[in-house]
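Please read the structure below before turning to the comments.
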Amino acid sequence: MLFILKNLISKLKFLVLVSICLAGAFIGLLVWTRTNNGSIQKPSSCLIQEEIRIVRGNSLEPLITSGSKVKALFGYYNCYEIKRDDLVLYRYEGNKDPLLKIVKGLPGDTFYLILNHNNIYNLLINGKIVVNSEGKPYVFFGSRYKMLKLYEDDYHGIIPSNTYLLLGNQISGSIDAGAFGLVSKEDIIGKVEK
């Protein structure tokens, strides 16, 4: 009887210890994930360099006008995931300064070019026509159409992992996916906030 009692006490101590550890871990998780907007906060080891930059060019007008000041968050995507409609800085080969673009397509999205009634192509992502900030559909023709069509054919209409589709805000194009195709995550070097 004494042996059974000692065994029960030992198991009870173990259960209490496990419960305390689990409660501590849960409280620690709550502290780690709590932020004002409800998203998961990354560890403090995540380094993001903030800079105020002046926008040059009109590819995002009227969303962001040339001469506007924006906050560039370099290294942001080393810590956070890229989301649809994020304003991002893209390292474009041959340009001294990164390009400011809008994320329209994410890994795993389907994308297709379809001919509209004006004999110009529109872009569909996940079955929906892609539009700019004013609700106008993007149009693709000539070399812009050919560039994206190559990627559509090569990837069978599915954006590969760690790859994104970036556009400006001008429906007839700028230096964006119609000029350079899909881009690698490693070339998206920061997030921009207005």
Inset, instruction - Could you please state how large a percent of the accessible area of the stretch 119-163 is carbon and sulfur, counting protein chains only and using a 1.4 Å probe? - result: 55
Inset, instruction - Mind checking the per residue accessible area of the stretch 60-194 for me, 1.4 Å probe, whole number of Å²? - result: 50
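If you take every residue apart from TYR155 with its C-beta less than 14 Å away from the C-beta of TYR155, what net charge results, scoring Lys and Arg +1 and Asp and Glu -1? Don't jump to the answer; show the numbers that get you there.
Numbers: positive: LYS149; negative: ASP109, GLU152, ASP153, ASP154.
Value of the local net charge: -3.
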Legend entry - Charge sum, other residues only, whose C-beta stays under 12 Å from SER184's C-beta, Lys/Arg counted +1 and Asp/Glu -1: -1
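By how many nm would the segment from THR110 to LYS96 grow when fully extended, if each residue of separation counts as 0.36 nm and the alpha-carbon distance is taken off? Present the calculation step by step, with values, prior to reporting the outcome.
Values: separation 14, 0.36 × 14 = 5.04 nm, distance 3.20 nm.
Using 0.36 nm per residue and subtracting the Cα-Cα distance, I get 1.8 nm.
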Legend entry - GluC sites (Glu not before Pro) restricted to DSSP loop in the stretch 134-194 with at most 12 other C-beta within 10 Å: GLU134
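Tell me, rounded to the nearest percent, the portion of alpha carbon pairs in the stretch 95-194 spaced more than 21 Å apart. Before the final figure, lay out each step's value.
Working: 1345 of 4950 pairs.
When every Cα pair of the stretch 95-194 is considered, 27 percent fall beyond 21 Å.
How much of the accessible area of the stretch 47-112, in percent, comes from carbon and sulfur atoms when a 1.4 Å probe is used?
Numbers: 1740 of 3770 Å².
Ligands and nucleic acids excluded, carbon and sulfur reach 46 percent.
The values are calculated or read from the model by the stated rules, or taken from the named source; none is laboratory data. It should be emphasised that the depicted structure is a prediction, and the values quoted were computed from it without experimental measurement. Virtual Cβ from ideal backbone geometry, glycine too; neighbours counted across all protein chains shown. Only protein heavy atoms, including side chains, enter the accessible area calculation; ligands, DNA and RNA are left aside. Shrake-Rupley method; radii C 1.70, N 1.55, O 1.52, S 1.80 Å.
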